[in-house]
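Here the structure comes first, spelled out in structure tokens, and everything after it is commentary.
The values are calculated or read from the model by the stated rules, or taken from the named source; none is laboratory data. Because the structure is predicted, anything quoted here is derived from the model rather than measured. Heads up, the Cβs are rebuilt from the backbone with ideal geometry, glycines too, and the neighbour counts pull from every protein chain shown.
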Amino acid sequence: MTRQAFMARLREGLRGLPAQTVADIVADYETHFTEGEAAGRSEADVAAALGDPGRLARELRAEASLKRWEEQRNPSGAAAAVFAVLGLGAIDILILLPIAMGVAGALFGMIIGDIAVFFAGGVLFAAGPFTDPPGGPAAALLAGLGLMAAAASVGAVLTLVGIGLVNALVWYGRLHYRLLKPALEPQAQGGVQ
């Protein structure tokens, strides 16, 4: 593979990242080619030592998404981190995706149930004085407040669990990347040195 073809595939794989990030990454890989040519290696040897540019781009995109989650802990950052981790390998998608979807579905169901309990508490609180509930209107008011407070507490815990799950997925992605990198490095080290 020529230098131009390698850089074109790398740029294509990095499309969508901030322009400055892409420029920095491309400059870094241009330096590898320049140093390799100065050492007397051909463009094809340097490209082979660097590895598949599509895989490099996926790993670099995953790393950028994980950094985004660390900097901006919001739903879009979480989604980017989750998709970055899932995008690292097809085997991971076959193993991790069903587990992640099951956990996400259960968490979503608990959130919906929590919202329903909160609204039920609100209805009980608002309608208690106008109906004749067992224990009287005061019991209905207190029961409504209790349900809303419990739902708010459970909602806070579910939020923490959700953040913890995204952090665990990010940790898994970094671990996955660290385990894959040494497997790729001996090929790159052997050809570049």
Practice task
May I ask you to say which residue of Val26, Val46 is modelled with pLDDT of 85 or more, under 30 Å from Ala78 (Cβ atoms), assigned to a helix (DSSP H, G or I) and not aromatic (Phe, Trp, Tyr)?
Solution key: Val26
Practice task
With the condition kept exactly as written, say whether any residue in segment 119-131 is over 15 Å from the mean Cα position of the chain (by Cα), modelled with pLDDT of 80 or more and in a loop (DSSP other than H, G, I, E, B).
Solution key: yes
Handout entry: Given (1) aliphatic (A, V, I, L, M); (2) surrounded by fewer than 19 Cβ atoms within 10 Å (Cβ to Cβ); (3) at pLDDT 80 or above, number of the condition Leu56 does not satisfy
Key = (2)
Practice task
Using the structure shown, decide if Gly146 is under 17 Å from the mean Cα position of the chain (by Cα), modelled with pLDDT of 80 or more and not hydrophobic (A, V, I, L, M, F, W, C).
Solution key: no
Exercise for the section: Only residues that are loosely packed, with under 12 Cβ neighbours inside 10 Å and within 26 Å of the chain's Cα centre (by Cα): list them for segment 28-51, please. Expected result: Asp28
Practice task
Say whether the condition of being among the β-branched types (Val, Ile, Thr) and surrounded by 15 or more Cβ atoms within 10 Å (Cβ to Cβ) is met by at least one residue in segment 130-152.
Solution key: no
Completion exercise
Of (1) in contact (Cβ under 8 Å) with a residue 40 or more places away in the chain; (2) within 17 Å of Glu63 (Cβ to Cβ); (3) out of contact with any His (no Cβ under 8 Å at 6 or more places or on another chain), Ala44 fails just (2)
